[in-house]
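The values are calculated or read from the model by the stated rules, or taken from the named source; none is laboratory data. Computed from a predicted structure; not experimentally measured. Don't worry about glycine lacking a Cβ; one is built from the backbone with ideal geometry, like all the others, and counts go over all protein chains shown. Calculation scope for accessible area: heavy atoms of the full protein, side chains included, ligands and nucleic acids excluded. Shrake-Rupley method; radii C 1.70, N 1.55, O 1.52, S 1.80 Å.
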Amino acid sequence: MRTVLISGASIAGPALALWLHRYGFAPTVVEKAPALRTGGYKVDLRGDAIEICARMGILDEVRAASTDMDGGSYVDARGRTVGELPAEIFGGREEQDDEIMRGDLARILHDKTREDVEYVFGDSVASLHDDGEGVDVVFESGTRRRFDLVVGADGMHSHTRRLVFGDERRFRQHLGAYISIFTGPDRLGLTRWETYHARPNKLVSVYSTSGESAGTAKNCFVFASPAELAYDHRDGTAQKRLLAEAFAGDDWEIPRLIADAADADDFYFDQIATIRMDRWSSGRVVLLGDAAHCTSPASGQGTGLALTGAYVLAGELAAAGGDHVAAFAAYEAAMRPGVELNQRFAEKMAKEMTVASRRKIALRMFLVRTLPKMPWKNVIARKIREEIQRAAHAVPVKEYAKYETLRAV
Ligand SMILES: Cc1cc2nc3c(=O)[nH]c(=O)nc-3n(C[C@H](O)[C@H](O)[C@H](O)COP(=O)(O)OP(=O)(O)OC[C@H]3O[C@@H](n4cnc5c(N)ncnc54)[C@H](O)[C@@H]3O)c2cc1C
């Protein structure tokens with residue numbers, strides 16, 4: 001049986017482990033966090049990703065954890081509603097599509113695989129040596145093990161990528177903004193509703209989904225920054241300080257919402273960026289999900305592509321009878337055109353997340369206010385949906401042979 005070490009237990013890692021186990025491989029997932037990480041934004045599952053959730057047998061759990069949002073409203077600096085939009089217009093969703101909290105999806109995937117897959121929390125790969133026949137891995141804990149293959153599913157700041165391909169800066173394209181999200185007290189009294197407040201070069205949103213614990217809400221901040229900020233992405237205190245500096249002096253509820261970051265144990269802060277690489281594998285090591293090709297939160301597709309990539313990578317490994325050279329090439333050929341389409345989409349969307357001037361904000365608010373009353377609102381909603389759906393169906397979901405027949409790998 002072929003052994004596969006997967007670094008990262010968020011979305012891509014556990015999804016790959018699920019498929020590899022079904023195909024008869026022996027996956028081990030190592031996660032540097034001491035336990036499964038909760039937190040994160042609500043993430044869209046559309047098109048291919050929904051089909052793959054069904055094939056993984058987790059669609060019922062996904063549906064049960066749906067955010068079930070009704071819609072959202074924009075408010076001005078005095079908290080007065082400027083306009084409201086229903087959730088369909090925001091999400092660009094087709095009938096079967098859904099939205100779920102990232103942490104809920106990570107939990108569903110972990111629950112589905114924990115009995116069959118070896119998970120090691122609180123450890124990380126310190127070094128690896130690929131001798132052509134296998135990969136010798138030394139872990140931070142000092143443990144030494146040998147695997148047939150190693151998969152880096154450890155996110156945009158992938159440690160595996162750094163070890164095998166070099167410095168992240170060679171592959172990272174900053175899309176001009178930063179994002180932060182964390183849980184705080186529900187200061188606006190929201191139920192399945194999102195409230196937005198736009199300021200020049202900034203956007204604040206607060207929302208509460210159907211699964212949100214009583215009395216809490218998610219505070220989300222986006223701010224434009226043409227230049228990359230210098231900070232350590234492992235240093236939460238420094239990130240909270242950067243966030244506070246970016247929103248210093250702003251009114252509405254912003255000072256209180258920012259202050260809530262101090263007590264948040266699920267604080268998330270990152271730049272909005274893509275990762276572009278010429279190739280995703282080297283020898284017996286391959287990258288998956290954001291580690292290979294982060295499309296950024298601006299695309300709304302990172303989680304979907306992580307699930308699709310896991311399905312394709314495992315399927316190609318099984319179809320090639322474990323021949324990793326053939327499988328990695330087929331995986332990359334299947335994924336790359338769709339990934340590139342999504343990265344172009346992300347570049348466009350990142351520019352639209354914030355608005356530069358008060359005049360442009362006023363124009364956007366005018367559109368939000370008038371759109372629901374316009375006779376051609378359905379035409380606009382359809383145009384938005386079509387573009388999003390193109391991105392959501394960008395990778396053909398092949399039928400891999402039924403896994404029962406492949407267990408002999
Ligand atoms: C806590 C958290 C919150 C997030 N919030 C948002 C959000 O609000 N909006 C958004 O669009 N995207 C968010 N993301 C990113 C989003 O989950 C991904 O874009 C997408 O789901 C692709 O998933 P992935 O599994 O490829 O990577 P990720 O979800 O980034 O997961 C990578 C995993 O690898 C682990 N890891 C990192 N380094 C190591 C290491 N050295 N050894 C072992 N494990 C390691 C991380 O702890 C994490 O569990 C978040 C990710 C995390 C981890």
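Within the stretch 25-124, the GluC sites (Glu not before Pro) that combine a DSSP coil assignment with at most 11 other C-beta atoms in a 10 angstrom radius are GLU95, GLU115.
Take 192-198, 242-248 and order them by the average number of nearby Cβ atoms within 10 Å per residue, most first; the result is 192-198, 242-248. Applying 0.36 nm per residue to the separation of THR237 and ALA35 and subtracting their alpha-carbon distance, the gain on full extension is 70.7 nm.
On full extension, the segment bounded by ARG80 and ARG369 gains 102.8 nm, given 0.36 nm per residue less the C-alpha separation. Relative to the longest principal axis of the Cα atoms of the chain, the long axis of helix 12-22 lies at roughly 40 degrees.
Return a whole-number percent for the relative contact order of the stretch 167-324, with Cα pairs under 8 Å and 6 or more residues apart as the contact set.
For the stretch 167-324, the relative contact order is 25 percent.
Here the gap between ARG344 and ARG170, fully extended at 0.36 nm per residue and compared with their Cα-Cα distance, gives a gain of 60.8 nm.
In what sequence, highest mean first, do 300-309, 328-337 appear when ranked by Cβ atoms within 10 angstrom?
Highest to lowest by the protection proxy: 300-309, 328-337.
The angle separating the long axis of helix 358-370 from the principal Cα axis of greatest extent in the chain is about 90 degrees. Compared with the dominant principal axis of the Cα atoms in the chain, helix 236-246 is inclined by about 30°.
DSSP beta bridges confined to the chain are antiparallel in about 70 percent of cases.
Using the structure shown, select from LYS42/LYS202; LYS351/LYS377; LYS348/LYS398; LYS348/LYS377; LYS112/LYS398; LYS42/LYS240 the pairs with a Cα to Cα distance greater than 25 angstrom. Correct reply: LYS348/LYS398.
Note on exposure: TRP252, TRP376, TRP280 ranked by accessible area (1.4 Å probe, complete protein assembly) read TRP376, TRP252, TRP280, with the most exposed listed first.
Bridgeable aspartates and glutamates around LYS32 (alpha carbons under 13 Å apart, same-chain partners fewer than 8 residues away excluded): ASP123, GLU140, ASP154.
Add -39500 (n - 2.57) for each DSSP H run of 4 or more in the chain, then divide by its residues: what number comes out at 222 nm, to the nearest 500 deg cm²/dmol? Intermediate values should be presented prior to the final figure.
Details: 13 runs with 148 residues, N = 409.
Result for the chain, helices only: -11000 deg cm²/dmol.
Using Cα pairs closer than 8 Å and at least 6 residues apart in sequence, work out the relative contact order for the chain, in percent. Can you show the working numbers first?
On the way: 833 pairs, mean separation 95.5, N = 409.
For the chain, the relative contact order is 23 percent.
What percentage of the solvent-accessible surface of the chain, computed with a 1.4 Å probe over protein heavy atoms, is contributed by carbon and sulfur atoms? Taking all protein chains in place, the chain shows 50 percent carbon and sulfur surface.
Over the stretch 177-252, what is the relative contact order in whole percent, taking alpha-carbon pairs under 8 Å and six or more residues apart?
Normalised by residue count, the contact order of the stretch 177-252 is 32 percent.
The coefficient of translational diffusion for the chain, derived via Stokes-Einstein from the alpha carbon Kirkwood radius under 37 °C and 0.692 mPa s, stands at 150 µm²/s.
Given a 1.4 Å probe, how much area per residue of the stretch 258-347 is accessible, in Å²? Please list the in-between numbers first.
Values: 2620 Å² over 90 residues.
So the stretch 258-347 comes to 29 Å² accessible per residue, rounded to a whole number.
Counting every pair of alpha carbons in the stretch 45-198, the share spaced more than 21 Å apart comes to 66 percent.
Leaving out ligands and nucleic acids, note down the accessible area per residue over the stretch 30-89 with a 1.4 angstrom probe, in whole Å².
Numbers: 2650 Å² over 60 residues.
For the stretch 30-89, the per-residue accessible area is 44 Å².
Evaluated with a Cβ-only charge set (Lys, Arg +1; Asp, Glu -1), the stretch 285-409 carries a dipole of roughly 1260 debye about its Cα centre, given to the nearest 20.
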